[in-house]
Amino acid sequence: MSILDDPGLFGRQWAAHYDSPGNPDPEPAARFLAGLAGGGPALELAIGSGRVALPLAAHGVEVHGIEASPEMVELLRAKPGGADMPVLVGDMADVAVPGPFPLAYLVFNTLFNLTGEGRQEDCFRNVARVLAPGGAFVIEAFVPDPANFDRDEQQVQVWSVTETSVSVRTHRYDREAQTFLRQTIVFTDGGVRLEPFGMHYLWPDQIDELAERAGLTLEARYATWDGAPFGPDSTDHISVYRKPLTAS
């Protein structure tokens, strides 16, 4: 089994720095999702530290979460409004909650963190199971750009330099499998630490196929949370998939 198959790996490695400045403003996502949630509740897969869940709750939506990393949940619990938010510690692909939910969502490219064979399919199938009839599943992801793959593999990136450490990054891409492994190598006077991170990236039409196999239909696609039209030059997409009101 690959170390990347451990669903808690990301949180263990990055929780201490996850809420540092630089993450996207969550308010546009919260407004968008609140418009789909109806009376709630909403389910966030990989709820993390509550970056989106807490602003969405501030819009009056009851939010439940799934998160594989206890370290991330600890960050959420320490924030105003986070202590009582229902969160299941587990693998987001398993979606081990009863539902039903009128809205489920997975943001910030996190679908691609499911690198194990068939785990993205598992995620869609299990979300479809807990969605209420007519419910929506929202995905936020980047649109892969092969030119970026070439640039990444041609250089070792100096990520940070401090008085006590140096961090560098390098990438390895498998274009046929649509996966990459990023290794952050941290040098300190105490030794060397490796921080691996991987993704199984998909183009929007491939995500549509996952949804279709799970019984969900693409309802709308946007370039941004503010509803900008999606086009051939869009670098990101917000895709809304809908469960039928009645079983076929």
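Bear in mind that the values in this text are calculations on the coordinates, not laboratory data. Every value quoted in this text rests on a predicted model; they were computed, and no experiment measured them. Ideal geometry is used to build each Cβ from the backbone, glycine not excepted, and the neighbour counts take in all protein chains shown.
Report summary: the helix-based calculation at 222 nm, which adds -39500 (n - 2.57) for every DSSP H run with n ≥ 4 and divides by the residues of the chain, gives -7500 deg cm²/dmol.
For the chain, what relative contact order do you get, as a whole percent, if you take Cα pairs closer than 8 Å and at least 6 residues apart? Kindly include the intermediate steps, with their values, before the conclusion.
On the way: 470 pairs, mean separation 41.8, N = 248.
Normalised by residue count, the contact order of the chain is 17 percent.
Using packing as a proxy for protection, rank 42-53, 201-212 so that the peptide with the highest average count of other Cβ atoms within 10 Å comes first. It would help to have the intermediate numbers written out before the result.
Numbers: 42-53: 26.8, 201-212: 16.2.
Ranked by mean Cβ neighbours within 10 Å, highest first: 42-53, 201-212.
Let me know the shape class of region 5-99, please: from the alpha-carbon gyration tensor, a ≥ b ≥ c as square roots of the eigenvalues, rounded when a/c is under 1.5, otherwise prolate if a/b is greater than b/c, or oblate. Because a/c hits 1.5 or more and a/b fails to exceed b/c, region 5-99 counts as oblate.
When +1 charges are put on Lys and Arg Cβ atoms and -1 charges on Asp and Glu Cβ atoms, the dipole computed for region 146-199 relative to its Cα centre reaches about 60 debye. Computing mean projected area of the Cα convex hull in nm² directly from the structure and comparing it against (1) 24.1; (2) 14.3; (3) 13.2 singles out (2). The label-point distance for Lys79 and Asp145, in a model that sets each label 7 Å from Cα toward Cβ, rounds to 2.8 nm. Note on region 224-248 and region 20-84: Cα centroid distance 20 Å, given to the nearest whole angstrom.
Using unit Cβ charges (K, R positive; D, E negative) and no other charged atoms, how large, in debye to the nearest 20, is the dipole of the chain about its Cα centre? Intermediate results must be reported in sequence, preceding the final value.
Working: 18 positive and 34 negative charges, 78 e Å.
Dipole about the Cα centre, nearest 20: 380 debye.
Extension gain, Glu121 to Leu181: 0.36 nm times the residue separation minus the Cα-Cα distance gives 19.5 nm.
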